[in-house]
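Okay, so here's the structure we're looking at.
The values are calculated or read from the model by the stated rules, or taken from the named source; none is laboratory data. Only a predicted model underlies this, so the values are computations on that prediction, with no experimental measurement involved. Every residue, glycine as well, gets a Cβ built from its backbone with ideal geometry; the counts of neighbours run over all protein chains shown. In case anyone asks, the SASA skips ligands and DNA or RNA and just uses the protein heavy atoms, side chains included. Shrake-Rupley method; radii C 1.70, N 1.55, O 1.52, S 1.80 Å.
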Amino acid sequence: ESELDAWPSRWVLFTDLHVQRSTLPVCVQVLRKVAQEAQQRQAGVICLGDFWHAGGVLQTRALNRILSELRDWGETTPMLMIPGNHDQSMRGDPSPLLHALTPLQLARPSSVRVFSRPTLLGDSLWVPYGTTAHVLRAASSSAEAALGGRPLSAVFCHADVVGGLMNEGVAASQGLPPIAFPPLPTIVYSGHYHKPHVVPEPAAKGRHIRYAGSPYQTSMAEAGQQKALLVL
């Protein structure tokens with residue numbers, strides 16, 4: 001409780017940065033923009049996965065540049081992260097240490113927290129990529145029981161959700177069913193699909209599932225999309 005009380009009341013959220021050699025310059029620009037927006041608001045930072053493009057093999061030049069950028073943030077800006085499929089050493093394997101977010105946590109141990117398994121923090125549930133519908137339901141039920149029956153305020157995840165828009169015209173037909181998530185008033189924020197959108201009804205089954213989307217155009221398939229950071 002005391003730790004949560006000391007944390008910011010606002011958070012700047014981004015996801016799907018996909019750092020690699022070819023994207024490193026724009027990723028550095030994005031991180032500087034995230035830091036600027038967070039510091040102006042005295043906010044923390046949330047990353048919902050796919051920070052790296054190839055978590056199984058990190059490029060030394062990119063790793064060193066990113067660690068240098070995050071060091072410049074100082075220790076007063078907390079950062080909460082979950083691994084996405086691109087961060088994982090073996091995609092779809094949510095084993096606690098088999099992902100490439102570990103170096104970021106080791107570099108800033110007092111300010112970076114990585115949730116490698118479903119974890120309740122305050123009244124929000126954090127869910128890494130690869131979590132099954134069964135585990136998600138069980139974690140949600142356990143979390144609400146720990147909250148004395150109160151609903152979760154939010155679920156933060158990196159997931160394929162049936163009905164989510166994989167691009168401008170194609171909705172996902174496989175993945176987690178929306179009914180695996182808690183209903184309103186819980187809000188679900190997810191990484192993974194790069195188009196910023198809310199899963200539409202009737203596919204959403206009464207759930208509010210919001211994809212934050214990538215913070216910049218990562219491919220021609222994203223041409224024309226309105227990119228943004230979220231402030232929670």
inquiry  = Of all residues being assigned to a strand (DSSP E or B) and of a type in the set (A, V, I, L, M) in the stretch 181-224, which is most open to solvent (accessible area, probe 1.4 Å)? Just the residue, please.
reply    = Val198
task = Search the stretch 153-167 for residues being out of contact with any helix residue (DSSP H, G or I) (no Cβ under 8 Å at 6 or more places or on another chain) and in a loop (DSSP other than H, G, I, E, B), and hand back the single one that is most open to solvent (accessible area, probe 1.4 Å).
result = Met166
ask   = Of all residues in the stretch 73-88, which are over 21 Å from Leu58 (Cβ atoms), β-branched (Val, Ile, Thr) and either in contact (Cβ under 8 Å) with a residue 40 or more places away in the chain or touching a helix residue (DSSP H, G or I) at 6+ places or on another chain (Cβ under 7 Å) (or both)?
value = Thr77
Hits in the stretch 99-125 (condition: of a type in the set (A, V, I, L, M, F, W, C), assigned to a loop (DSSP other than H, G, I, E, B) and under 9 Å from Ile82 (Cα atoms)) = Leu101, Phe115
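Yes or no, residue by residue, for (1) under 14 Å from the mean Cα position of the chain (by Cα); (2) at pLDDT below 95:
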| residue | (1), (2) |
| --- | --- |
| Asp93 | no, yes |
| Leu97 | no, yes |
| Ser116 | yes, yes |
| Gly130 | yes, yes |
| Ala146 | no, no |
inquiry  = hydrophobic (A, V, I, L, M, F, W, C), open to solvent by less than 10 Å² (accessible area, probe 1.4 Å) and farther than 24 Å from Ala228 by Cβ: which single residue out of Ala38, Ala62, Ala54 fits that description?
reply    = Ala62
ask   = Can you name every residue in the stretch 137-153 that is touching a residue at least 40 places away in the same chain (Cβ under 8 Å) and closer than 24 Å to Val45 by Cα?
value = Ser140
remark   = By residue number, the members of the stretch 203-229 that are in contact (Cβ under 8 Å) with a residue 60 or more places away in the chain and small (Gly, Ala, Ser) are Ala212, Gly213, Ser214
task = Would you please name the residue that is farthest from Ser124 (Cα to Cα), looking only at residues in the stretch 43-71 that are in a loop (DSSP other than H, G, I, E, B) and modelled with pLDDT of 95 or more?
result = His53
ask   = Can you tell me which residue in the stretch 1-23 is nearest to the chain's Cα centre (by Cα), limited to those that are surrounded by fewer than 16 Cβ atoms within 10 Å (Cβ to Cβ) and aliphatic (A, V, I, L, M)?
value = Leu4
inquiry  = Checking Thr77 against (1) buried (at least 20 other Cβ atoms within 10 Å of the Cβ); (2) not in a loop (DSSP other than H, G, I, E, B), only one condition comes out false. Which one?
reply    = (2)
remark   = The one condition Ala107 fails out of (1) at pLDDT 95 or above; (2) of a type in the set (A, V, I, L, M); (3) touching a helix residue (DSSP H, G or I) at 6+ places or on another chain (Cβ under 6 Å); (4) open to solvent by 40 Å² or more (accessible area, probe 1.4 Å) is (1)
task = Kindly list the number of the only condition in (1) at pLDDT below 95; (2) crowded, with 16+ Cβ neighbours inside 10 Å that fails for Leu120.
result = (1)
